[in-house]
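Rule-based calculations on the coordinates, nothing more; no lab input. Everything numeric here is computed off the predicted structure, so don't read it as measured data. Note that we place each Cβ from the backbone using ideal geometry, even for glycine, and neighbour counts take in every protein chain shown.
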Amino acid sequence: MRAPRPARRGLAAAVLAVTAAAVAAPASASAAPAASSGVTGRNAAAPAVAEVAYTAKERAEALAYWTPERMRKTGRAVDLGKTGPLAKPWKGPRMKTVGRLFFVNANGDDTWCTATAVRSGNRSVVMAAAHCVRRPASPVNTYTDLVFVPGYDKGERPYGVFPVAATVTPASWAKDAVGDVAALTVDPVKGRKLTDTVGGQPIAFDRKPGEKVTSFGYPASRPQRGEELLTCTGTTKAGPDDEVVIPCDMAGGSSGGPWLAGFDAKSGLGTLVSVNSHGDSPDGSRTMSGPRFGAVAKAVYERAQRG
């Protein structure tokens, strides 16, 4: 049974608490338990995953909670410094598959990440970072009121708001803060499934470093403050702890945003090979790290697409 929601604090403190560190996954946390939880190992032949499911009532509450005005207030309440110089506003056609993922964290704070619709068997999967759906190394601290808004731009929600029905992360993230990747399944909107509405990015695993990628995100830097999509382009290099790294200075709020290899600006399509996870410092970071998509990411994705 879902516990009562935590009390919601003032937006200024709330958003800063998460988005200031949204591209730098915290090493540890010890907050009081939040609402939903459900860690389960699945498929002994693959890495274990941790799952959280939301009831129909909880999903309806999330839709009612995230009004257009609340979304705008969440962005206006935090300022993480000036945008750039590496991150640039996206000037191409609308990226239908990329959007803002709004949620309430384990402290009861309103905030957001970035997420991406991907091709999947159930046509309903969104990929993001694990720290966008649950606190690391703290199995009971999962997040609530999650909704995905593809194509978000300056308050516009052109394809609707998709409530999150379930999240999947590596069990190693829930237990030990290892494996910063998440797959989410979302409900249809007006009877249409997610990728039937906006399309989906192909996803690939076990790619080697050294390929050019285009990264996207909705950072809380100014003047955009999460209202516009920003982008970086760079060549991946191997990083520590089974990560890959690109030159990119997007701030908090860009977490979970896609790394697209072979990106075509006209179609808005590439191949998803990682997601924004963390920078190299809390302030003034000039690189972005993401998890290398291997067996762990594949297990997370495969479980979600069966949901």
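Assorted remarks:
- Net charge of Cβ neighbours under 9 Å - reference SER277; Lys, Arg +1; Asp, Glu -1: -2
- Normalised by residue count, region 89-187 yields a Cα convex hull volume of 109 Å³ per residue.
- In summary, the lysines within cross-link reach of LYS208, defined as a Cα separation below 24 angstrom excluding same-chain residues under 8 places away, comprise LYS237, LYS298.
- Shown here for region 188-281: chymotrypsin sites (Phe, Trp or Tyr not before Pro) in loop regions (DSSP other than H, G, I, E, B) with at most 16 other Cβ atoms within 10 Å, namely PHE205.
- Charge dipole of the chain (Cα centre as origin; +1 on each Lys and Arg Cβ, -1 on each Asp and Glu Cβ, all else neutral): 700 debye, rounded to the nearest 20.
- Out-of-range pairs (alpha-carbon distance over 24 Å; input LYS57/LYS96; LYS57/LYS193; LYS57/LYS190): LYS57/LYS96
- Gyration tensor verdict on the chain (Cα atoms; rounded if a/c is under 1.5, prolate if a/b is larger than b/c, oblate otherwise): rounded
- In this calculation the C-beta distance from LYS266 to LYS154 is compared with R0 = 22 Å, giving a FRET efficiency of 0.50.
- Loop sites by DSSP among the trypsin sites (Lys or Arg not before Pro) of the chain, restricted to those with at most 14 other Cβ atoms within 10 angstrom, leave 10-90 as the longest stretch without any of them.
- Treating r as the C-beta distance of GLU211 and TYR65 and R0 as 41 Å, the FRET efficiency rounds to 0.55.
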